[in-house]
Structure formats: C-alpha cells, structure tokens
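K.L.:
Shown below is the structure under consideration.
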Amino acid sequence: MRILAIPLSAEMHSDIVDACRVLCDLPSLLQFTQDDPSLIHESPPIWLLALVDLCVLQGDAAPLERIAGIIEQRAKDGIVSRQQVSQVVQVLLKGGRVAAALRLVRDVLLSPLPGPAAESVSERLPRSLTSSLVAALVKANDAVCLRTFAEMLATDHQRFDLDGDALSQLLLHIIAVRDTQIWPFVSAC
C-alpha cells in the first residue's frame, strides 16, 4: 500500500481508483487515503468521489463521518451533488452518526449553495430522509442533536415532509427528554 510514496502519474491514480471501484474494494481505497490523506483533497476529486460512492454502496458510516467536513465543502463547491449528500446522510443516520448527518442537512441540504452549485432549495426534503432523521434522533436520545433538529424545524419547517406518525414520535420524545430549551423551537413550528 505504500506505493503512493512513489510519485504516480494522474493516469495511474485514475487506474487505481477505477480498479477499487470495479472491485468494490473499499478497504484498499481507505488504506490508500489513510496512507496519503492529501488524496481526498486533490482536484479532480476522483479519490473523494470514489470514497463517497463506495461508502454509500457498502453502508459504511465511519469513513463518511471522518470526511463529512470535506464533503460539505465540496458540495458547496458544486463537486458533490445534493443527491450524493442525501445518500451520505442516510448512511450516517443508519450508522448512528446523527450529529454529522444533521450538520450536512443544515449546512448543505437546507442551504443555498453559491456559484456553480446554485440549485433550487425550495423543495422539501424527501419524506424518507425526514423519517430516517426522526427515527435516528429518537434512537440516539441525544438532547443536543434533538435541539439542533428542533431549531432547524422552527427555522425551515416547510422544508421537512413530516407525516403524522413521525411528528407524533418526535413530540413524544421531546416531552420525554424534558429539555426546556427545545420548547421555544417546537412552539415556533
């Protein structure tokens, strides 16, 4: 794996990434990027996009949590799409990485992106994503994450497609947590 200590051409880098993609070899891709963390910052971002795609494909939340900040920045640059970010959020939620998922929802999916990444952000988040968020929040039982989500709801509640069951589940959990700091946000909804 230390082959990357030797200077490689862009074509060789591309060949390595392609091979990892074709073989669905996430462990090797992770090893390469751990041996040389600068790879996921390179442009064109072949290493980052391959890592995101394979982590989503295999449902591996841990590496995505580690590079969530990079994914956020690349989304703002228009390199990672909103659809990819939504997929990353779903994997993070299934893996119990609720705080990282909430940051991506708040700072990418609910935010207008500048420049070439400018897209309409008036649409609601998919109901499946909102339901997954609520289920993960209830399971995590984390007051800070719950407060963050309540604040997001109060600020932009029309963007969340919450069905009656999910909303009831959320409100019952908020009552059970007894965090009085959450109530102003809930009342605003």
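The values are calculated or read from the model by the stated rules, or taken from the named source; none is laboratory data. Note that the structure is predicted; figures quoted are calculated from it, not measured. Because the Cβ atoms are built from the backbone with ideal geometry, glycine has one as well, and the counts that use them run over all protein chains shown. The accessibility values were calculated without ligands, DNA or RNA, using every heavy atom of the protein model including side chains. Shrake-Rupley method; radii C 1.70, N 1.55, O 1.52, S 1.80 Å.
K.L.:
Tally the residues that are in contact (Cβ under 8 Å) with a residue 12 or more places away in the chain and assigned to a helix (DSSP H, G or I), restricting the search to region 15-53.
P.N.:
Final tally of qualifying residues: 23.
K.L.:
While we're looking at this one, here's another question. Select from region 141-167 the residues that are basic (Lys, Arg) and either part of a loop (DSSP other than H, G, I, E, B) or open to solvent by less than 40 Å² (accessible area, probe 1.4 Å) (or both) and list them in ascending order.
P.N.:
Result: ARG159, single match.
K.L.:
Only one of GLN34, GLN87 is out of contact with any strand residue (DSSP E or B) (no Cβ under 8 Å at 6 or more places or on another chain), open to solvent by 70 Å² or more (accessible area, probe 1.4 Å) and farther than 30 Å from VAL138 by Cα; which?
P.N.:
The match here is GLN34.
K.L.:
Return the residues of region 58-69 that are assigned to a helix (DSSP H, G or I), surrounded by fewer than 17 Cβ atoms within 10 Å (Cβ to Cβ) and in contact (Cβ under 8 Å) with a residue 12 or more places away in the chain; say none if nothing qualifies.
P.N.:
If the condition is that a residue be assigned to a helix (DSSP H, G or I), surrounded by fewer than 17 Cβ atoms within 10 Å (Cβ to Cβ) and in contact (Cβ under 8 Å) with a residue 12 or more places away in the chain, then GLN58, ALA62 are the ones that fit.
K.L.:
When you scan region 74-82, do you find a residue that is surrounded by 19 or more Cβ atoms within 10 Å (Cβ to Cβ) and in a loop (DSSP other than H, G, I, E, B), even just one?
P.N.:
yes
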